[in-house]
Amino acid sequence: MNKDSNNSVHGIWGSRWIFILAATGSAVGLGNIWKFPYIAGENGGGAFVLFYLGCIALIGVPVMMAEILIGRRGRMSPINSMAKLAKEAQVSRRWGYLGIIGALAGFLIMSFYSVVAGWALYYVYKMASGAFVGASGETAGGIWQALTSDPLTLLGWHTVFTALVVVVVARGVNRGLELAVRILMPLLFLLLILLVGYALTSGAFAEGAAFLFNFDASKLSTDAALVALGHAFFTLSLGMGAIMAYGAYMPHKVSIGSTTLVIGFLDTLVALAAGLAIFPVVFANGLEPAAGPGLMFQTLPIAFGGMPAGVLFGTLFFVLVVFAAWSSAISLLEPAVAWAVEKGFKRWVATVAVGIAAWTLGILSVLSLNDWSGFKVIVNTPNDWGLFVDSATWQALAAACTSATGQTWFDFFDYLTSSIMLPLGGLFIAIFVGWVMKETHVRKELAMGNFKLYLVWRAVVRIFSPLAILLVFAYSTGLWKPGETVEVKAGAECELATYAAMPEGEAVAPVMVTPASDVPVEEIPAQESDVPVLEEQQ
Ligand code: PHE
């Protein structure tokens, strides 16, 4: 990066391509390869995928343009860019709080993101050791179970990954990252194509593709709509300032519109390729599409285990997944760190502090997969909800009320950030650019050649995007329901008070006996859950 002229104190990207590479590096990550396939699987496939693609095109891309625009005009950390532009527009500098919430969201995402990236690191080593050669679904499942039930191993890899990220951010987002993205990103894509090729021979390609693309609107549950919207933000790194921070380092002459299109296109391509690589393997091996966060780790190793030179390709693949995660994680920390630097802290001090804090919070996500898998931060039933529900109460409730869902810390951080903080951030960013900033400034920064296209974009950012985000929120909370819905009211078995009121150790009334096994729930040990209870969550 050169440090020149009327530019950011943090430096400027060397060229348009380097900006595209860095922003794509931020966008393409675990969200595409790990998260997209598993949430598509959990939410029934086709309808979810179509809704998600719509969110990318109609909300994600326009909002990304808005975010880059704020960043480039502000030329500072998201927090200070927002405050600066608010001042320019003669409104309250409190708009800077939006940047603070964004930086917080990035930090929260980092806490669990590095745990998942840690899984990928572990798989590099497992792949290289040949553990998956000729592996069946059962072998792959076993290795996954063994990993997730072992907190110390998880913690170790979580630590390694966090350290890798801290080292880069501490030195300043620089050419090292640019180089990595330029070479490793295309390589990752090539390997995904190889996997899609393998999936073609798996015998279940058509089934996998149909699962992803067969549109059945009735399958789009209220919750799925919010998950899809949230994921559109997550996968494009929007709503929390990551792209805004990178936009601050973007050279002046570069066109924001066309650059954004490239990023959105590449990001979507990678996600769809990952889906097409994974689902045929799922169906060919009789696995469960809704397996949850372990989906990629339980399926792709089977593919590598069955192909020639699979150890080599498999190892390389997980190395590249780690790189993709790494180039995303860097941008998760950048908004908070850039702000601290502007406050006068040394870059490395700021990075180490934020890194240690995110690492510590990540311990909660590590424990969510094993020792604390029964503890639920939020519990929802058709007619009740509760916070911080202990394992015994949760197990009694879940046994009697089958529609109860509960979120572990891991689920909760994911939900809070992806489904709430990012879309809300996006909503306010759209409002800021659409309604608060002076139009002349917006137009000048965008410099779109095609005036009609500009008008369309402006209408989308001012009206369509905010409205669409609000509608999805309203829909998912039940405030707004198109068409008729039948309300399902459950009985006392779905009320938390039924269980919580009981004295310790007696949290189970006879009526809550699990019908299948006839074993009273109290005989089930509270910690029998090395199988992550994540799967119970929707
Ligand atoms: N977009 C990244 C991914 O898909 C995650 C991310 C979200 C990065 C938000 C930065 C900001 O993996």
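For the listed peptides 454-461, 361-368, a ranking on the average number of other beta carbons within 10 Å per residue, highest first, reads 361-368, 454-461. Comparing 318, 394, 432 along the charge dipole axis of region 298-449, the residue lying farthest to the positive side is 432, per the Cβ-charge model.
What full-extension length gain, to one decimal in nm, is calculated for residue 207 and residue 91 as 0.36 nm per residue of separation minus the Cα-Cα distance?
Working: separation 116, 0.36 × 116 = 41.76 nm, distance 5.41 nm.
Contour length minus Cα-Cα distance gives 36.3 nm.
Candidate cross-link partners of residue 489 among the lysines, defined by an alpha-carbon separation under 28 Å and a same-chain spacing of 8 or more, comprise 219, 376, 481. Set the Förster distance to 56 Å, then compute FRET efficiency between residue 435 and residue 152 from the Cβ-Cβ distance, nearest 0.05. So, using R0 = 56 Å, E works out to roughly 0.65.
Placing unit charges on the Cβ atoms only, positive for Lys and Arg and negative for Asp and Glu, gives the chain a dipole magnitude near 3700 debye about its Cα centre.
State whether region 233-384 is rounded, prolate or oblate according to the following rule on the C-alpha gyration tensor (a ≥ b ≥ c being the square roots of its eigenvalues): a/c under 1.5 gives rounded; otherwise a/b larger than b/c gives prolate, and the remaining case gives oblate. Display every interim value, and only then the final one.
Numbers: a/c = 1.82, a/b = 1.30, b/c = 1.40.
Oblate shape, in that a/c is at least 1.5 and b/c is the bigger or equal ratio.
Two decimals is fine: what is log10 I(q)/I(0) at q = 0.26 Å⁻¹ for region 135-223, from a Debye sum with one equal scatterer on every Cα and no solvent? Debye output, listed in q order: -1.14.
For residue 387 and residue 145 in the same chain, what is the full-extension length gain: residue separation times 0.36 nm, less their Cα-Cα distance, in nm? It would help to have the intermediate numbers written out before the result.
Details: separation 242, 0.36 × 242 = 87.12 nm, distance 2.75 nm.
Roughly 84.4 nm would be gained on extension.
Once the Cα atoms are used to define both axes, helix 151-171 deviates from the longest principal axis of the chain by about 0 degrees. Size estimate for region 140-280 follows the Kirkwood approach: the inverse of mean 1/r over distinct Cα pairs works out to 18.8 Å.
Considering the convex hull of the alpha carbon atoms of region 268-358, report its projected area averaged over all viewing directions, in nm², one decimal. Can you show the working numbers first?
Working: hull surface 32.0 nm².
Averaged projected hull area, Cα only: 8.0 nm².
The distance from the alpha carbon centre of region 290-365 to that of region 187-242 is 20 Å, rounded to a whole number. For region 51-149, the Cα-based Rg and Dmax, in that order, read 21.5, 65 Å. In straight-distance terms, cross-link reach from residue 87 covers every one of the lysines whose alpha-carbon lies under 22 Å from its own, apart from those fewer than eight places away in the same chain; here that gives 343, 438, 444.
Between residue 456 and residue 171, the modelled label-to-label distance comes to 4.3 nm, taking each label 7 Å out from Cα in the direction of the beta carbon.
Taking one quarter of the surface of the C-alpha convex hull of region 333-466 gives a mean projected area of 12.7 nm².
Using a cut-off of 20 Å between alpha-carbon atoms, which lysines can reach residue 126, once sequence neighbours fewer than 8 places away in the same chain are excluded? Cross-link targets: none qualify. Can you tell me the 0 to 90 degree angle between the C-alpha axis of helix 175-200 and the longest principal axis of the chain, rounded to 10? Relative to the chain, helix 175-200 is tipped by roughly 40 degrees. For region 362-427, a Kirkwood hydrodynamic radius built from all Cα pairs, placed in the Stokes-Einstein relation at 10 °C and 1.306 mPa s, yields a translational diffusion coefficient of 127 µm²/s.
Classified by the C-alpha gyration tensor, region 307-393 has an oblate form. Its axis ratio a/c, with a ≥ b ≥ c, is 1.5 or above, and a/b does not exceed b/c.
At 0.36 nm per residue, minus the direct Cα-Cα distance, what do residue 349 and residue 58 gain on full extension? Give it in nm, one decimal, please. Don't skip to the end; give the middle numbers.
Working: separation 291, 0.36 × 291 = 104.76 nm, distance 3.96 nm.
Length gained, residue 349 through residue 58: 100.8 nm.
By the Cβ distance rule (another cysteine Cβ under 4.7 Å), the unpaired cysteines of the chain are 55. Projecting the Cα positions of 26, 404, 345 onto the charge dipole of the chain (unit charges on Cβ atoms of Lys, Arg, Asp and Glu, taken about the Cα centre) puts 345 furthest along the positive direction.
Cα-based values for the chain, radius of gyration first and Dmax second, are 23.3, 75 Å.
If you line up the long axis of helix 78-88 against the longest principal axis of the chain, both from Cα atoms, how many degrees apart are they, to the nearest 10? The angle comes out at about 50 degrees. Between rounded, prolate and oblate, where does region 31-84 land on the alpha carbon gyration tensor, with a ≥ b ≥ c its root eigenvalues, rounded for a/c under 1.5, else prolate if a/b exceeds b/c? Prolate shape, in that a/c is at least 1.5 and a/b is the bigger ratio. Per-residue packing, averaged as other Cβ atoms within 10 Å, sorts the ranges 95-102, 286-293, 215-222 into the order 95-102, 286-293, 215-222, beginning with the highest.
Every read-out reported here was derived from the displayed coordinates using simple, explicitly stated rules and does not represent laboratory data. Everything numeric here is computed off the predicted structure, so don't read it as measured data. Neighbour counts are summed over all protein chains in view; Cβ atoms, including those assigned to glycine, are modelled from backbone coordinates with ideal geometry.
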